[in-house]
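Below you will find the structure I want to go over with you.
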Amino acid sequence: MPVLKSPREIGLMREAGRVVFQALSAVEERARPGVTTAELNAVAEELIGRAGAVPLFKGVVNPQAKFPFPAALCTSVNEQVVHGIPGQRRLASGDIVSIDCGVRLRGYCADSATTVAIGRVSAEVARLLSVTRAALELAIREARAGRLWSEVAGQIQALVERAGYSVVREFVGHGIGQSMHEEPKVPNYVDRRTRRGETPMRVGLTLAVEPMVNMGGREVELADHSGWTVVTKDRKWSAHFEHTIAVTEGGCEVLTDGS
């Protein structure tokens, strides 16, 4: 069952969320043509360390992977959907890079992601980013106590598919708190399986909501034998935006917006 958080715990998650916001802001400012994804990760690691926080992703074990995740950030470029490993790849004008960051501070977690345009991108790529961002904004606007998440997920899916894009199904959002991954799962689509056993959202529920939207088909696959980086099967580009939110009496609050 989901673990509901007290106002004090939500406050601690907001503190962690400020660190995530600051890290993503610093990385976005540094994300320019010619910069490597390893350099972006170094910016985040330095800021997270100075804040006294611990990166959530670094050292995570994936049964499919050959090694634990080696960095504080996931940096996923162009057709890479999620779990891109920072390295010596230099970003070029026209690229997009999805930057995912999570930290633990004083025992509580926060997780957020943004997709950054590098230099000048095409109109269609800019539209992909706009639609994906709008999907997250819709979720934040519609999440509230007493509502089933599937109602929100159905609206996300409809928004994305009306735009001619597709929602990734293999990777979804999640509950978050003292652990990075808690119940419930938070999909961005709806079907019979996602509705099974569903209960209404309640005050104190904390979620990492993260639409991942593909320009082409929804199918994804591993990029290589490392077991980490996931790419679109058709190699069309993908975008990813995420916030940690808390369901409150008045709707929901974003905990990773820097406030």
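Residue-wise, which Karplus ³J(HN,Hα) couplings in Hz belong to the stretch 190-206, taking 6.51 cos²θ - 1.76 cosθ + 1.60, θ = phi - 60°, and x for glycine or proline?
9, 7, 4, 5, 5, 7, 5, x, 6, 10, x, 5, 10, 4, x, 6, 10
Can you sort Leu40, Leu129 so the residue with the fewest Cβ neighbours within 10 Å comes first?
Values: Leu40 26, Leu129 21.
Least to most surrounded, the residues fall as Leu129, Leu40.
Order these by the 10 Å Cβ neighbour count, fewest first: Lys185, Lys236. Working shown, then result.
Values: Lys185 13, Lys236 16.
So the ranking, lowest neighbour count to highest, is Lys185, Lys236.
Further, regarding this structure: For Val82, enumerate residues with amide H under 5 Å from its amide H, sequence gap 5+ or separate chain, H modeled in the peptide plane.
Val230
If you don't mind, there's one more thing I want to ask. For the chain, what is the calculated [θ] at 222 nm in deg cm²/dmol (nearest 500), taking -39500 (n - 2.57) for each run of four or more DSSP H residues and dividing by its residue count? Don't skip to the end; give the middle numbers.
Working: 5 runs with 76 residues, N = 259.
Computed ellipticity for the chain at 222 nm equals -9500 deg cm²/dmol.
Would you mind checking which residues have amide H under 5 Å from Lys233's amide H? H placed 1.01 Å from N; only 5 or more apart, or other chain.
For Lys233, the qualifying residues are Glu219, Val220, Glu221.
Can you return the aspartates and glutamates within cross-link range of Lys185? Criterion is Cα-Cα under 20 Å, with same-chain partners fewer than 8 residues away left out.
Straight-line reach from Lys185, under 20 Å: Asp100, Asp111, Glu137, Glu142, Glu151, Glu170, Glu198, Glu210, Glu219, Glu242, Glu253.
If you average 1/r over every pair of different alpha-carbon atoms in the chain and take one over that average, what Kirkwood value in Å do you get?
Working: mean 1/r = 0.0551 Å⁻¹.
By the Kirkwood definition, the hydrodynamic radius is 18.2 Å.
Neighbouring Cβ atoms within 10 Å as the yardstick, rank His243, His174, His225 fewest first.
Working: His243 27, His174 19, His225 9.
Arranged by neighbour count, lowest to highest, His243, His174, His225 become His225, His174, His243.
Can you pull out the trypsin sites (Lys or Arg not before Pro) in the stretch 30-135 whose DSSP state is coil and whose Cβ has at most 12 other Cβ atoms within 10 Å? Intermediate results must be reported in sequence, preceding the final value.
Values: sites: Arg30, Arg50, Lys58, Lys66, Arg89, Arg90, Arg104, Arg106, Arg120, Arg127, Arg133; in loops: Lys58, Lys66, Arg89, Arg106, Arg120.
Sparse-neighbourhood loop trypsin sites (Lys or Arg not before Pro): Lys66, Arg106, Arg120.
Quick check: Cα centre of the stretch 189-232 to Cα centre of the stretch 121-170, how many Å?
The stretch 189-232 and the stretch 121-170 have Cα centres spaced 12 Å from each other.
Rule-based calculations on the coordinates, nothing more; no lab input. Computed from a predicted structure; not experimentally measured. Quick reminder, even Gly has a Cβ in these numbers, built from the backbone with ideal geometry, and neighbours come from all protein chains shown.
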